[in-house]
1. Residue check: is Glu597 in contact (Cβ under 8 Å) with a residue 40 or more places away in the chain, within 30 Å of Leu128 (Cβ to Cβ) and of a type in the set (D, E, K, R)?
2. Failed condition for Cys302, given (1) in contact with a strand residue (DSSP E or B) (Cβ under 8 Å, 6 or more places away or on another chain); (2) surrounded by fewer than 22 Cβ atoms within 10 Å (Cβ to Cβ), with all others met?
3. In the range 308-321, is there at least one residue being among the acidic types (Asp, Glu) and within 22 Å of Tyr522 (Cβ to Cβ)?
4. May I ask you to say which residue of Lys264, Lys322, Lys295 is at pLDDT 95 or above, in a strand (DSSP E or B) and of a type in the set (D, E, K, R)?
5. On the basis of being surrounded by fewer than 21 Cβ atoms within 10 Å (Cβ to Cβ), farther than 24 Å from Val384 by Cα, under 36 Å from the mean Cα position of the chain (by Cα) and basic (Lys, Arg), does Lys452 make the cut?
6. Of the conditions (1) under 24 Å from the mean Cα position of the chain (by Cα); (2) of a type in the set (A, V, I, L, M, F, W, C); (3) more than 29 Å from Asp540 (Cα to Cα), Phe445 fails just one. Which one is it?
7. Please go through (1) open to solvent by 50 Å² or more (accessible area, probe 1.4 Å); (2) touching a helix residue (DSSP H, G or I) at 6+ places or on another chain (Cβ under 9 Å) for Asp250 and return the number of the only condition it doesn't satisfy.
8. Would you mind telling me which numbered condition in (1) part of a helix (DSSP H, G or I); (2) within 30 Å of Glu413 (Cα to Cα) Lys290 fails?
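The values are calculated or read from the model by the stated rules, or taken from the named source; none is laboratory data. Keep in mind that what you see is a predicted model, and the values were worked out from it rather than measured. All Cβ positions, even for glycine, are placed from backbone atoms using ideal geometry, and neighbour counts span all protein chains on display. Quick note on the areas: whole protein, heavy atoms, side chains included, nothing else; ligands and nucleic acids left out. Shrake-Rupley method; radii C 1.70, N 1.55, O 1.52, S 1.80 Å.
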Amino acid sequence: MATEGSLNHSMNSALKHYSSMFFLPSYKKSLLAIAVICIGIVGLSTFALFSSKGLTSGLTLGISLFALTLITDSVVSKVILKVDPIYLLRRTLVLSLFCWLLWLLFIAIGVALGFAFGSLLWIKLCLLGYAAVVTLRGVVLIATSSAAAWRKLVSVLLNPTLCIVAFLVFWAGISNASLIQVLPFLAFLVISPIIGCLAVFLFLSSLDRLGQKTYSIPSLPLFRAFMLNWVVGLNAPLEEIFEKTGQNADIEVTLLKFDSSKPKAAVILPLVHPGPFKNIGSSLLPSLLKHEFEKEFGCDACVPLGILGHELDLASQAQNHKIVSQVIASAKFKATADLASPFVKVTEGVATASCQIFGDTVFLSFTLAPKTTEDLPQELGRMVSEEAAKYGLKSAMVINTHNSINGIVDTEEYLDALQMSASKCLQKAVALPTERFMVGAATVFPKEFTLKDGMGTGGITAIVVQVEKQKTAYVVIDGNNMISGLREKILAALTSVGFGESEVFTTDTHAVSAVVTGRRGYHPVGEVMSHEVLTRCICDVAKKAEANLETSKAGCIHFVVPQVRVIGEARLQSMSILVDKAIQKAKQTLIPVFGLEGLFLILLLTLF
């Protein structure tokens, strides 16, 4: 739908903004770069300006600055901000690297102008660079750190203060040191951090007020929560916000299970969207539900995607466990349906519906492949249930195969074709004779693929159903969609190893989202995976499922898990849009606030 596409676009845009913050150099590269700046550039540039002092003095200054940076970053990381999981030594060092790059700009201009206008100008520009560094550190640390205010303030001031002291010692030794007026100098060192912190406060407050006023969500706590999740994987801070701002909803669950002498396989369909991303909310629900069900009942299970969108993202993993507990408690029933129809498939335009009837339950799925098959409107699921009831079918499990992506699509455009394909598919299935059936199931966890490749921890599950001579493989991949054309390759591969009409699904898990940078923030199945390896894994797991075929019975139940906390589509979109709004606000505020700060500091320096 258009609104769904808009939401996905907003979320992807927000995730890209966060991902852009983490192109950080390694610890060794950062250390080397700081050494080059401090010793190789600052040290040698001072020698060039004050050749009478000799090379030794310049190198001593550079080595001192490098040592002070390394020592202060170690103290900040391991002592002052030890309570903040974001600021490991590598990240404090990277922050110092960016600060040195900023300071270097002022130093370089000062050195260049110093030859023409004297060393005092270089000293003043170096002081101005010190103030700029304090401001930059203030913006970064105050905005991102969750430590106490005093810890953040000490972390802001420690490195630049000690470094400016090293410069002071060097300046005191130069021949024209009398140019430095001690009291104004000290006054600047005291006043400039106060002005910088005030500018930082005004800048960050404007962003915070934007979120509070527009969306009732303070921008900075939300930003820090995102940072903690993105950088170190902590889900609690962000989920706490989602719990507070979310709403309660009754979650419908449909469970189709197959039993032989013991539990054989299960398809679990909670009307929950497995998002919003990474390990937040219900992103992990498909694999979590699969693993917990399998542990309890000793059979293979899969959790494909229902007919819904982001309107039902769970607020936290605590809500996941409500669903899991209720599913396990409700699954202890006896399957009794021993007849099934053959698997049938109907295509209407670009829409394809597939279905199979087990007793009085229809198992029906939709795809628009090779066009994009993304989230589908809930009204489509309700329509199928109503249509099934006309044929005397008591239950309907309606699934979005979510198995093709090649751009943005407006699902509303194809809604009539989807409805028509479902209606014809149902009509065709109920007209066929039903027979006893066999079921086999298996799961594989390919070692070749990880979350970064687009493979969730639920792996690949195959449920094979045989009705007379027809063998159908239902393949469920724990991933977030798959690239266009891959579904057809997989189906062709399954046909080549002896299976008839089959279908392939993804769970739409968002556990693979926000773990890589790029256009989408995740890789759909097959985008970076070897298609040859993937199809081989799928054929192998389908053959493994075929090898344990047993005469089975089916049973389906539908139940509701009450009062589950969900984020809600509107709230999720407002949070996503807030990121863009905050960036726009930052751009509008940046020049007035920090420009005024710089102007005031320049005027202050002219008094020297």
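1. Working: in contact (Cβ under 8 Å) with a residue 40 or more places away in the chain: yes; within 30 Å of Leu128 (Cβ to Cβ): yes; of a type in the set (D, E, K, R): yes.
The answer is yes for Glu597.
2. Of everything listed in (1) in contact with a strand residue (DSSP E or B) (Cβ under 8 Å, 6 or more places away or on another chain); (2) surrounded by fewer than 22 Cβ atoms within 10 Å (Cβ to Cβ), Cys302 misses just condition (2).
3. Taking the range 308-321 and keeping what is among the acidic types (Asp, Glu), we get 311, 313.
Cutting the leftovers down to within 22 Å of Tyr522 (Cβ to Cβ) gives us 311, 313.
Looking for residues that are among the acidic types (Asp, Glu) and within 22 Å of Tyr522 (Cβ to Cβ), one finds at least one in the range 308-321, hence yes.
4. Values: Lys322 fails: in a strand (DSSP E or B); Lys295 fails: in a strand (DSSP E or B).
Within the list Lys264, Lys322, Lys295, the selection yields Lys264.
5. Working: surrounded by fewer than 21 Cβ atoms within 10 Å (Cβ to Cβ): yes; farther than 24 Å from Val384 by Cα: yes; under 36 Å from the mean Cα position of the chain (by Cα): yes; basic (Lys, Arg): yes.
Judged against the criteria, Lys452 is a match.
6. If we test Phe445 against (1) under 24 Å from the mean Cα position of the chain (by Cα); (2) of a type in the set (A, V, I, L, M, F, W, C); (3) more than 29 Å from Asp540 (Cα to Cα), just (3) comes out false.
7. For Asp250, the failing item is (2).
8. (2)
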